[in-house]
Amino acid sequence: MEKVEYKMYKILKESYMKIDFNEKDKLLKLKIDDEIDHHRAESLRRVADYEIQRRNPKKVILDFNNVFFMDSAGIGMVIGRYKTASMIGAKLEMINVKENIKKIFEMTGILKIIPIIEEECNE
Amino acid sequence: MNKKKYDNEMKLEIMSKSSNEAFARITVSAFASQLDPTIEELSDIKTAVSEIVTNSIIHAYDTSDEIIKIHSMIEDNSITIEISDTGKGIEDIELARKPLYTTKAELERSGMGFTIVETFMDELKIESILGLGTKITMKKIIHNCEENNLESES
Ligand SMILES: Nc1ncnc2c1ncn2[C@@H]1O[C@H](COP(=O)(O)OP(=O)(O)OP(=O)(O)O)[C@@H](O)[C@H]1O
Ligand SMILES: [Mg+2]
């Protein structure tokens, strides 16, 4: 493994994000498995950007099913990933966002550009 | 702690390490739970504490070995939380309160911290002196426990 790859591999293993890429549909699903605060945002951000850039998806979905806490760090994290996705022409959507977290997103108006898609059901 | 002024009181000092953000919000919410808040009220308190503690870590201090003080008081059906640092201080408090205002956009901050606290809590007071530090006081009334109190809020 190359050095950069290995470093990313380590971060990946330590981060709380599950990655699922559908080659056929070019759909990248990032399932966050942790609380999102300033402490956690950094590693989530690195893993997400790394995956978005190397997979070159058409659409990125952030799955919040296992996120029970988020503060303003999450707003920055989501907007930042929107920027990364936009750079390669990919769309960004969110699914399974809990009420207390939705409340925070609603305060910012970003749901107009990064929608919460409801149809997905919880596994 | 001196003579009884409140129904209950708690003090906590933490180092300005980001791993303490979760510790602080969980501790304060555990203390608040004696008021029998709803899950939503508890979640609001957790978020507010996280916002303010994170602000001290990111904006007040440059290093992670400084001290952040948290003082929490329960009186009737309300909880008051004071969080203070001895860091840089806020230059313009009016501006800092505005949604989307941030001095750290390069760190992917959105400038929504104080706006979230203002929405989730019933009171937010910001006191700050440049070069000396910042003290945030916030209060939340827990509506859930009104029925248990003989004298409910007036
Ligand atoms: N404890 C503090 N010490 C010094 N400056 C502070 C402190 N708390 C807040 N500030 C200043 O107030 C501004 C607004 O704070 P606020 O929490 O609303 O936004 P933010 O922290 O920049 O972004 P976000 O909270 O959305 O991630 C900050 O950018 C910073 O300049
Ligand atoms: Mg903040």
Next on the checklist: Leaving out ligands, DNA and RNA, and with a 1.4 Å probe, what % of the accessible surface on the stretch A:53-119 is carbon or sulfur?
Outcome noted: 51
Checklist outcome for this item: For the stretch B:19-24, Karplus-derived ³J(HN,Hα) couplings (6.51, -1.76, 1.60; θ = phi - 60°; whole Hz; x for glycine and proline) come out as 5, 7, 4, 5, 4, 5
Checklist entry - Total Lys pairs in the stretch A:18-108 closer than 12 Å by alpha-carbon, pairs eight or more apart in sequence or interchain only? => result 13
Checklist entry - From the square roots a ≥ b ≥ c of the eigenvalues of the alpha-carbon gyration tensor of the stretch B:2-74, which class results: rounded (a/c under 1.5), prolate (a/b over b/c), or oblate? => result oblate
Checklist entry - In what sequence, highest mean first, do A:89-97, B:82-90, B:51-59 appear when ranked by Cβ atoms within 10 angstrom? => result B:51-59, B:82-90, A:89-97
Checklist entry - Residues of B:114-122, mean number of Cβ from any other protein chain within 10 Å of their own Cβ, rounded to a whole number? => result 2
Next on the checklist: Once neighbouring chains are kept in place and the probe is 1.4 Å, which whole percent of the accessible area of chain B is contributed by carbon and sulfur?
Outcome noted: 50
Checklist entry - Quick one: buried accessible area between B and A, total over both chains, 1.4 angstrom probe, nearest 100 Å²? => result 1800
Item to check | Modelled FRET efficiency - R0 30 Å, B:GLN34 with B:LYS69, Cβ distances, 0.05 increments | outcome: 0.90
Checklist entry - Once label points are set 7 Å from the Cα along Cα→Cβ at both A:LYS24 and A:PHE68, what is their separation, rounded to one decimal in nm? => result 3.6
Checklist entry - Which value, in Å², gives the accessible area per residue of the stretch A:4-112 when a 1.4 Å probe is used on the protein heavy atoms? => result 48
Next on the checklist: Normalised by the empirical 2.2 N^0.38 Å for globular proteins, what value does the Cα Rg of the protein assembly as shown take?
Outcome noted: 1.08
Item to check | Karplus 3J(HN,Hα) series, Hz, for the stretch A:53-63 with 6.51 cos²θ - 1.76 cosθ + 1.60 (x for Gly, Pro) | outcome: 5, 8, 8, 6, x, 8, 9, 10, 10, 9, 9
Item to check | Surface accessible to a 1.4 Å probe, per residue, for the residues of chain B, Å² | outcome: 52
Checklist entry - Say each of A:GLU99 and B:HIS143 gets a label point 7 Å from the Cα, pointing the same way as Cα to Cβ; how far apart are those two points in nm? => result 1.2
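The values are calculated or read from the model by the stated rules, or taken from the named source; none is laboratory data. All of these numbers come straight from a predicted model, not from anything done at the bench. Heads up, the Cβs are rebuilt from the backbone with ideal geometry, glycines too, and the neighbour counts pull from every protein chain shown. Side chains are part of the model used for accessible areas, which takes the heavy atoms of the whole protein and leaves out ligands, DNA and RNA. Shrake-Rupley method; radii C 1.70, N 1.55, O 1.52, S 1.80 Å.
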